[in-house]
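Heads up: the structure comes next, in structure tokens.
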Amino acid sequence: MGERLRVGLIGTGRIGRMHADHLAYRVPEACLVAVADLNREAAEACARACGITDVAEDYCDILARSDVDAVVICTSSPTHTRLIIDSAAAGKHIFCEKPIDIVLQQIDRAIDAAESAGVVLQIGFQRRFDPSFRRIREAVLSREIGEPHLLHLVSRDPAPPPVAFLKSSGGLFLDMMIHDFDMVGFLLDSTVETVYSEAAVRIDPAIGEVGDVDTAVVVLRFGCGAIGTIDNSRKATYGYDQRAEVFGSKGSIRMQNAYPNTTTVSTAVHVRRNRPYHFFLERYREAFIQELRAFARAVLDGLPSPVSGADARKPVVIGLAAQRSHEEGRPVSLAEIDGSA
């Protein structure tokens, strides 16, 4: 296979273009060989920006190439299972954006396909590679702050996505809050047992018309006895709001928002600073790079996937429980959603 992982990228939308740029210029363990997109013009524009010439409209053309060791899947969520299964059958290692699917049986099909083919499957939960989140995990696992009692996560986007996107995204619990559901297990290393959610449409009535919500709070009970809370909003006028805290028996650890600069302006009238990073592409840029580097190293060095299919299945189970809790107005046990949870 050589010293660099040869990668084909499928899907050149916003997240795909970002990954392509990182693979071409910022991931020394990998090289971008080709890109594919149903929109050939988009694929060609992405390829030009990355200094390559090989493009395709059909992802099967990427899978058929002998000079491609792995694929990075950045297509819409409903296509992920099929692309994972086809990529595994072609013997390609797989990095896929989240979620694998919102149907557990489909997730299991994808995981089984990758395991049967003996290929690495990594799912794109980039927050696991952010140094601030990793520092919180370290403080919890080392018991630096004692036994964890409370966890609180805040995730608020600067603006809602297009309503057309929400029609197939799975909704707030399975598209947006899924990152927080991944984080709760990562940070506490404990199993979520029950979920209770309250949600509403407070920003755009059109979001409610497609059956989704834009504002939500979730309470989680962990097997270790800790209690977690998550709040999400589709619109924070001041920028991308990403905060976290774990409170324990010996102290607490807290992550505040990240900013483009550290300056503060102080006058007789006010003390102020610039707003946080505008959105996830800026806030988690380095984490996105590090997750691809970890994927390449896992393949090249024969290491386990740093974010396996099984890891990625867990937040979907929590998301389904949160959705049911919202619909039925009661706490929901994860065992109700999935007997193996």
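The values are calculated or read from the model by the stated rules, or taken from the named source; none is laboratory data. Please read these numbers as outputs of a predicted model, since none were measured by experiment. Reconstructed Cβ throughout: ideal geometry from the backbone, glycine too, with neighbour counts over all protein chains shown. Only protein heavy atoms, including side chains, enter the accessible area calculation; ligands, DNA and RNA are left aside. Shrake-Rupley method; radii C 1.70, N 1.55, O 1.52, S 1.80 Å.
Within the set 68, 35, 72, the sole residue that is touching a Ser or Thr at 6+ places or on another chain (Cβ under 8 Å), closer than 23 Å to residue 288 by Cα and β-branched (Val, Ile, Thr) turns out to be 35. Of all the listed residues (298, 268), the sole one being out of contact with any helix residue (DSSP H, G or I) (no Cβ under 8 Å at 6 or more places or on another chain) and not in a helix (DSSP H, G or I) is 268. Here 187, 166, 153 are screened, and the one residue that is touching a residue at least 60 places away in the same chain (Cβ under 8 Å) and either within 15 Å of residue 322 (Cβ to Cβ) or among the hydrophobic types (A, V, I, L, M, F, W, C) (or both) is 153. All conditions in (1) modelled with pLDDT under 95; (2) touching a Cys at 6+ places or on another chain (Cβ under 7 Å) hold for residue 188, with the sole exception of (1).
Consider region 287-305. How many of its residues are loosely packed, with under 14 Cβ neighbours inside 10 Å and under 20 Å from residue 24 (Cβ atoms)?
0
Of the residues in region 46-63, not one is under 24 Å from residue 178 (Cβ atoms) and either free of Cβ contacts under 8 Å to residues at least 40 places away in the same chain or open to solvent by 40 Å² or more (accessible area, probe 1.4 Å) (or both).
Scanning region 306-340 for residues that are over 16 Å from residue 196 (Cβ atoms), under 22 Å from the mean Cα position of the chain (by Cα) and open to solvent by 10 Å² or more (accessible area, probe 1.4 Å) turns up 306, 308, 310, 311, 313, 314, 338.
Taking region 214-236 as the range and being open to solvent by 10 Å² or more (accessible area, probe 1.4 Å), within 18 Å of residue 200 (Cβ to Cβ) and assigned to a loop (DSSP other than H, G, I, E, B) as the test, only 235 passes. Could you go through region 279-292 and let me know if any residue there is more than 22 Å from residue 145 (Cβ to Cβ), touching an Asp or Glu at 6+ places or on another chain (Cβ under 6 Å), touching a residue at least 60 places away in the same chain (Cβ under 8 Å) and in a helix (DSSP H, G or I). Yes, that holds for at least one residue. From the list 168, 132, the one residue that fits, being among the polar types (S, T, N, Q), at pLDDT below 95 and part of a helix (DSSP H, G or I), is 168.
Against the test of being modelled with pLDDT of 95 or more, closer than 30 Å to residue 316 by Cβ and not hydroxyl-bearing (Ser, Thr, Tyr), the options 88, 64, 24, 45 yield a single qualifying residue, 88. Taken residue by residue, region 163-170 has at least one member that is surrounded by fewer than 19 Cβ atoms within 10 Å (Cβ to Cβ) and farther than 25 Å from residue 231 by Cβ. Is region 151-161 home to any residue that is among the β-branched types (Val, Ile, Thr), over 14 Å from the mean Cα position of the chain (by Cα) and at pLDDT 95 or above? Within region 151-161, one or more residues are among the β-branched types (Val, Ile, Thr), over 14 Å from the mean Cα position of the chain (by Cα) and at pLDDT 95 or above.
Can you find, within region 64-91, the residue that is surrounded by the most Cβ atoms within 10 Å (Cβ to Cβ) among those that are within 25 Å of residue 126 (Cβ to Cβ) and of a type in the set (D, E, K, R)? The qualifying residue surrounded by the most Cβ atoms within 10 Å (Cβ to Cβ) is 69. Among the numbered conditions (1) of a type in the set (Phe, Trp, Tyr); (2) part of a helix (DSSP H, G or I); (3) surrounded by 23 or more Cβ atoms within 10 Å (Cβ to Cβ), the only one that residue 95 does not meet is (2). Per this entry, residue 259 is not counted among residues that are in contact with a Phe, Trp or Tyr (Cβ under 6 Å, 6 or more places away or on another chain) and open to solvent by 30 Å² or more (accessible area, probe 1.4 Å). Restricting attention to region 307-334, the residues being in a helix (DSSP H, G or I) and free of Cβ contacts under 8 Å to residues at least 12 places away in the same chain number 2. Scanning region 171-198 for residues that are under 15 Å from residue 226 (Cα atoms), in a strand (DSSP E or B) and either of a type in the set (Ser, Thr, Tyr) or under 13 Å from the mean Cα position of the chain (by Cα) (or both) yields 194, 196.
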